[in-house]
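Data first, discussion second: the structure below is written as structure tokens.
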Amino acid sequence: MNANLTRGFIIGGVAATVLHGTASACTVCMGDPNSAAAGATNSAIFLMLGIIGTMLTASGGFGFYLYKRAHTPIPPHIELVEEMGEENDEQSHA
């Protein structure tokens, strides 16, 4: 596994060194920055960043909700029912 990873990095490095002149950007990146296509591309990028930010915020909020819920005390009526259940179990075993 480690030899394959090393071999892949070597092949990738050699390919990047040899083929550096053939790589070129798309027409949106190399074209006029004031064109409609460049504006649409920028808007799409910010939309995707917004969606990612929203999902990360929602995941963090849900985790915080679970944390708070796990650390809340048991309501008195449920605690009473649990104690009554324990008393019944002790009486039935005696």
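The values are calculated or read from the model by the stated rules, or taken from the named source; none is laboratory data. Quantities reported herein were computed from a predicted structural model and do not represent experimental measurements. So basically every Cβ, Gly included, is an ideal-geometry build from the backbone, and we count neighbours across all protein chains shown.
Observations, loosely collected:
- Flag not set for Thr57, criterion: surrounded by 10 or more Cβ atoms within 10 Å (Cβ to Cβ), at pLDDT below 85 and among the β-branched types (Val, Ile, Thr).
Table: residues versus (1) at pLDDT below 85; (2) surrounded by 10 or more Cβ atoms within 10 Å (Cβ to Cβ).
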| site | (1), (2) |
| --- | --- |
| Met1 | yes, no |
| Ile45 | no, yes |
| Gly61 | no, yes |
| Phe64 | no, yes |
| His71 | no, no |
| His77 | yes, no |
| Leu80 | yes, yes |
| Asn88 | yes, yes |
| Ala94 | yes, no |
